[in-house]
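Asks: Below: one structure in structure tokens.
Bear in mind these aren't lab numbers, they're just calculated from the coordinates by the rules spelled out. Quantities reported herein were computed from a predicted structural model and do not represent experimental measurements. Quick reminder, even Gly has a Cβ in these numbers, built from the backbone with ideal geometry, and neighbours come from all protein chains shown.
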Amino acid sequence: MDNNELEHKLYYEQYCKILSKVIKEAKKLYYKEVITKSKNNMKTTWNIIHKEISKLTNENNIKSLRINDHVMYNQIIANKINNYFLNIAGSISNKRIGEKEEACQLQNLFKYFNQPFKDISWPYTSAKEINKIIDSLKDKNSSGYDEISTKIIKISKAFIISPLINICNKMLAQGIYPERLKFSLIKPIYKGGDKSSLSNYRPVSLLPVFSKISD
């Protein structure tokens, strides 16, 4: 690549970044105007949120899959993807850790950790700590099964921080992690190649934002 091509590439990349910012700002101003002029601000706001979420969802929709020379659709796809990801994870795990290696690891655990551990006591969390955690989260539109993104958490931080502190401190006091915070939404992400082939997708696990805060 000569200097001319490199210069054009850098200019193009910079232009794309600026254009992306301009589009985002234009959308923000447009939606702000729509909400301001609306008679029902709350309803209009939620309509806009649902519209943007549906756009993101539709982009990743898998319309059909080819499995054993059969084309499948709708709910069958979700079940097949789920089974494929479960089986592939199990086969990779079995390849990495054989039965002998697993037995050896267990022997080492019993050898070096033959005494029970002392009880662990955790200091309670505070508003300052929860604030810091929420601020450190990246601004994302993605969410877990509860459909609550980090952007929504940050906007509503002042209203939810007290109950969050109470929940986190109860978890620490009782040593119980809520089951609902363990639920993850598995999404297949297209890697490349034939879109109807399962092997061309990778799973991404989306946990609720609240689980990241409570961790």
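Asks: 5 Å is the cut-off here: which amide hydrogens, built 1.01 Å from N in the peptide plane, fall below it relative to ILE186, excluding neighbours closer than 5 in sequence?
Replies: It is LEU206, by chain and number.
Asks: Then there is this: Can you tell me the length gained on complete extension of the stretch LYS182 to LEU206, counting 0.36 nm per residue apart and subtracting the Cα distance?
Replies: So the extension gain works out to 7.6 nm.
Asks: Here's something else I'd like to know. Take the alpha carbon atoms of the range 132-190, find their center, do the same for the range 14-40, and report the distance between the two centers in whole angstrom.
Replies: The two parts, judged by their Cα centres, are 27 Å apart.
Asks: Can you tell me the FRET efficiency between VAL34 and ILE161 if r is taken as the Cβ-Cβ distance and R0 is 25 Å, rounded to the nearest 0.05?
Replies: 0.25
Asks: Let me ask something additional. Taking Cα atoms of the range 1-50, Rg/Rh with Kirkwood Rh, to two decimals? Walk me through the intermediate numbers first.
Replies: Values: Rg = 18.3 Å, Rh = 13.3 Å.
Taking Rh as the inverse mean 1/r over Cα pairs, Rg/Rh reads 1.37.
Asks: Would you work out which of SER197, LEU207, PRO163 lies farthest towards the positive end of the dipole of the range 130-215? Charges go on Cβ: Lys and Arg +1, Asp and Glu -1.
Replies: With unit charges placed on the Cβ atoms, the residue in question is SER197.
Asks: In addition: Give the calculated FRET efficiency between PHE113 and GLU147 to the nearest 0.05, with a Förster radius of 45 Å applied to their Cβ-Cβ distance.
Replies: The formula returns an efficiency of 0.60 here.
Asks: What is the distance, in nm, between label points placed 7 Å from the Cα along the Cα-to-Cβ direction at VAL22 and at SER199?
Replies: Placing both labels 7 Å beyond Cα along the Cβ direction yields 4.4 nm.
Asks: For the range 18-32, in order, what is each residue's ³J(HN,Hα) by Karplus, 6.51 cos²θ - 1.76 cosθ + 1.60 with θ = phi - 60°, in whole Hz (x at glycine and Pro)?
Replies: Working through the residues one at a time gives 5, 4, 4, 5, 5, 4, 4, 5, 5, 5, 4, 5, 5, 5, 4 Hz.
Asks: Still on this structure, please answer the following. Residues of the range 135-168 with the amide nitrogen closer than 15 Å to a label point 7 Å from the Cα of ILE49, along Cα-to-Cβ, please.
Replies: From the range 135-168, the list is 140-160.
Asks: Can you give me the distance in nm between label points at ASN79 and SER126, each placed 7 Å from the Cα along the Cα-to-Cβ direction?
Replies: Spacing of the two 7 Å Cα→Cβ label points: 5.4 nm.
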